[in-house]
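Notes for the one structure printed next.
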Amino acid sequence: MINVLWVIAWRDLLAQLRSRSFLVQTLLLPFILTLLIGNAIGGTRKADPLPVAVVGTGEIAKSIGGLLEDSKIAKVFRLPDAASAENAVRTGQATMAVILPERLEAKLMRNDKLEVRVLIDPTSHQRGEVVKQLVRGYMQQLEAARAAILGGVRAIAPASAQELQDTLTLVRGKVEQQFQTASIELQTKEAAGRSQGIFAYYAVAFGVMFTLLSATNGAGGVIDELERGTIHRLLSAPVTPVLLLIAKFIALWLLGIWQLGAFALFSSLIYGVSWGAPLAVLPVLLATAAAAAGFGGIIIGISRSREQLNTLSLVFVLVMSLLGGSMWPLETLPGIAQALSKFTYNRWSIEAFQLTAIGSNDPHLFLAIGVLSSMAVVGVIFGSFQLSRRFSR
Amino acid sequence: MLVVKNLQKRYEKFIAVHDVSFHVQRGEVYGLLGPNGAGKSSTIRVLSCLAKPDLGSVKIDGLDIVKDQARVKRTIGIVPQDFALYDDFSALENLVFFGRLYGIAGRELKIRANELLEAVGLTDRGHEAVGTFSGGMKRRINIAAGLMHKPKMLYLDEPTVGIDPQSRRKILDLVKTLNASGLTVLYTTHYMEEAEELCHRIGVIDQGKIIAEGTLSEMRKMAGETAPIRLELREPLSPKHLEQLKTLADELIAEDNAITLFTKDPKDALSGILQMLSGFGAHVHHLELDEPDLETVFLKLTGRRLRD
């Protein structure tokens, strides 16, 4: 049985590797696209800091500016008023603006209502949101500090002038010490593999997408067998439809491993994209290729003609890639789409590779490998069942 | 070797094979003759384990086709009507691939593949991709692929469709050679002359049923003592003229502008027939005088020609 599986799988592999169109589609095309995108978005270079305009004077405005600069997400410049800040965002000089109220420190101590305005260019919404959260966090810290100072001051009840002097000296010392040591420490650490930059994200996302594309297209091998009549010769030999499907799955799986492996190697050698430690990457790569081959099995089970197969492949790959994060990061999708993405192969694979890239042993990595493997099993079972039904009539 | 009893195969409402029974003896070439769509390929599909029979039973070398499928598959070799070959593989690679499916390996595999290449006269083209071959060459490799595992019985489904006369001759000779070496052959065709040349016994199938069966001489007897005169006219005759023409023959079958007249002495009757047609103003396009053959049998039994 194993001999038969290997004989059929090997023939498919050989046929694909001899096919120029296959090589172009599965290797050259993803590499070219990656090169284009890599150059377009600057390789592994991190994204440039956002130009952020800060309107406001005084220590707090200075402090916020410093905080944003330290975050490395923003490059801060100052503007005198809200109108010029709005104009800067509209004209693209700034992708966002933080507008602090006048006499902020005094208002804060008087417990006046404070309104800090943040303007964000929608095209930089994602990173803009991060900056907004930083400003909000900073304002909350200020509020806490104000309350602490107020409480401390109210608690002062000196019995003599000397005691008042001593208390004030002590408070001053404490406050100065607190503000120095408890200054906000900011660590910028982006999510998982994207810490390498947006190109690294898309390298993984494209690799995963093209592996699925190849697997679904490769599923056309069964249609070819039907059209040229070899399927009749195969099934009249000691080969059952289930064996045939498993052999096709093995071929698609091996091609997927080869393709994704080559892609990972290429992107890491040319652009220095880190996919993670080879031993950690391997199970994810195997599971990803298996899941892609499993979808190939589903396509084999459903398709009756080349036209049907092409349409189904396109729909499968597009929907999965759109929902699963291969076209754009998942975080940018609406909630419902993010929920649906859990049914896509791309999401689990991309997330798993992001985790291997940062050397994480998060349980989510094992969950992702499990989900991808399950997708492969479901694909094989479904395809086998359908093919058996078709040829047992 | 092969015993088919009351075989029925239905595809939804369409009955492709209807209560078919026949048997093929060891070492025999049995011809399944019928027009396109008669049920030959559907019968072969069932006999090749590609479809399950709805009713009836099939035994090959004593093995039940449903219960002993794995062993049956090793007993039979199939040569499908399509070129069931991989165009991107060489002839040798194709043979090696199909041999491996049956567990043949190593030296034995190479020897067998080369033997068959020689048998089909393609040794010098063995390393060329099948996609570059002519139809006739592909047909020959198609036969060789069905023989890789040394089956006891070979199904040849219309193996000469769409090829030139020389290639056809080579294939017919090859089938004779294979049969002479002891191979039992089930041969489906709609070419009566092939059935006449190759087959020890013939089953005529039409609309999913075997309508006649026997040796060639038995079949000729079925056609009776009359022989056919086949005519093709430029225009169909009117019913009135057909009635008049019928008086000159024992039987007349007309299909559009094709007319077949059966008569005991065609040569004598011919001049009168031509004279009458001339009187009708009909132009004879084509004329054939034949001995009674399978075409005649089929025509007599169904009122239709085999090639329709």
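The values are calculated or read from the model by the stated rules, or taken from the named source; none is laboratory data. As the structure is a prediction and not an experimental result, all values here were calculated from the model. A quick note on method: Cβ atoms are made from the backbone with ideal geometry, for glycine too, and the neighbour counts reach across all protein chains shown.
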The residue that is nearest to the other protein chains (Cβ to nearest Cβ), considering only those in region B:42-67 that are hydroxyl-bearing (Ser, Thr, Tyr) and surrounded by 20 or more Cβ atoms within 10 Å (Cβ to Cβ), is B:Ser48
*Is it the case that some residue within region B:170-180 is of a type in the set (Gly, Ala, Ser), without any contact (Cβ under 8 Å) to a residue 40 or more places away in the chain and more than 24 Å from B:Glu295 (Cβ to Cβ)?*
yes
Whether any residue in region B:240-248 is touching a residue at least 12 places away in the same chain (Cβ under 8 Å) and either in a loop (DSSP other than H, G, I, E, B) or under 23 Å from B:Gly37 (Cβ atoms) (or both) is what I want to check. yes
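Please enumerate the residues belonging to region A:354-393 that are in a helix (DSSP H, G or I) and among the basic types (Lys, Arg).
Step one: of region A:354-393, the residues in a helix (DSSP H, G or I) are A:354-357, A:363-391.
Answer for region A:354-393, where residues must be in a helix (DSSP H, G or I) and among the basic types (Lys, Arg): A:Arg389, A:Arg390.
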- Yes or no: B:Gly99 touching a residue at least 24 places away in the same chain (Cβ under 8 Å) and buried (at least 22 other Cβ atoms within 10 Å of the Cβ)? yes
Matching residues in region A:64-77 (surrounded by 15 or more Cβ atoms within 10 Å (Cβ to Cβ) and in contact with a helix residue (DSSP H, G or I) (Cβ under 9 Å, 6 or more places away or on another chain)) number 7
When region B:190-207 is checked residue by residue, the ones that are surrounded by fewer than 24 Cβ atoms within 10 Å (Cβ to Cβ) and either assigned to a helix (DSSP H, G or I) or among the polar types (S, T, N, Q) (or both) are B:Met192, B:Glu193, B:Glu194, B:Glu196, B:Glu197, B:Leu198, B:Gln207
Per the list (1) more than 17 Å from B:Leu186 (Cα to Cα); (2) in contact (Cβ under 8 Å) with a residue 12 or more places away in the chain, residue check on B:Asp64 breaks on (2)
Matching residues in region B:37-57 (in contact with a Leu (Cβ under 6 Å, 6 or more places away or on another chain) and free of Cβ contacts under 8 Å to residues at least 60 places away in the same chain) number 3
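Sort through A:Thr181, A:Thr240, A:Thr230, A:Thr188 and tell me the only one that's over 23 Å from A:Ser274 (Cβ atoms) and either modelled with pLDDT under 85 or among the basic types (Lys, Arg) (or both). Before you say what the answer is, go through the steps one by one.
Working: A:Thr240 fails: either modelled with pLDDT under 85 or among the basic types (Lys, Arg) (or both); A:Thr230 fails: either modelled with pLDDT under 85 or among the basic types (Lys, Arg) (or both); A:Thr188 fails: over 23 Å from A:Ser274 (Cβ atoms).
Answer to the check: A:Thr181.
Yes or no, residue by residue, for (1) surrounded by 15 or more Cβ atoms within 10 Å (Cβ to Cβ); (2) in contact with a Ser or Thr (Cβ under 9 Å, 6 or more places away or on another chain); (3) closer than 30 Å to B:Val204 by Cβ:
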| site | (1), (2), (3) |
| --- | --- |
| B:Lys240 | no, no, no |
| B:Ile253 | yes, yes, yes |
| B:Asn257 | yes, no, yes |
| B:Thr260 | yes, yes, yes |
| B:Lys267 | no, no, yes |
| B:Leu277 | yes, no, no |
| B:Phe280 | yes, yes, no |
| B:His285 | no, no, yes |
| B:Leu289 | no, no, yes |
Among A:Arg228, A:Arg233, the single one that is of a type in the set (Lys, Arg) and either more than 20 Å from B:Leu101 (Cα to Cα) or surrounded by fewer than 21 Cβ atoms within 10 Å (Cβ to Cβ) (or both) is A:Arg228
Filtering region A:196-254 down to residues that are within 14 Å of another protein chain (Cβ to nearest Cβ) and basic (Lys, Arg) yields A:Arg228, A:Arg233
Given the conditions (1) assigned to a loop (DSSP other than H, G, I, E, B); (2) in contact with a strand residue (DSSP E or B) (Cβ under 9 Å, 6 or more places away or on another chain), every one holds for B:Glu235 apart from (2)
Within region B:68-88, the count of residues that are part of a loop (DSSP other than H, G, I, E, B) and within 8 Å of chain A (Cβ to nearest Cβ) comes to 9
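If only one of A:Val281, A:Val273 is of a type in the set (A, V, I, L, M, F, W, C), buried (at least 17 other Cβ atoms within 10 Å of the Cβ) and not in a helix (DSSP H, G or I), which one is it? Walk me through it before giving the result.
Details: A:Val281 fails: not in a helix (DSSP H, G or I).
The unique qualifying residue is A:Val273.
When region B:89-138 is examined, which residues are found to be of a type in the set (D, E, K, R), away from chain A (no Cβ under 12 Å) and under 27 Å from A:Ala247 (Cα atoms)? Full working, then the answer.
Pass one, region B:89-138, residues of a type in the set (D, E, K, R): B:93, B:100, B:107-108, B:110, B:112, B:115, B:118, B:124-125, B:128, B:138.
In the following step, the residues that additionally are away from chain A (no Cβ under 12 Å) were identified as B:107-108, B:110, B:112, B:115, B:118, B:124-125, B:128.
Answer for region B:89-138, where residues must be of a type in the set (D, E, K, R), away from chain A (no Cβ under 12 Å) and under 27 Å from A:Ala247 (Cα atoms): B:Arg107, B:Glu108, B:Lys110, B:Arg112, B:Glu128.
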Filtering region B:69-86 down to residues that are at pLDDT 90 or above and surrounded by fewer than 20 Cβ atoms within 10 Å (Cβ to Cβ) yields B:Arg71, B:Arg74, B:Thr75
Considering region A:1-21, residues that are of a type in the set (Gly, Ala, Ser) and at the interface with another protein chain (Cβ under 8 Å from one of its Cβ atoms), and then whichever is surrounded by the fewest Cβ atoms within 10 Å (Cβ to Cβ), we arrive at A:Ser19
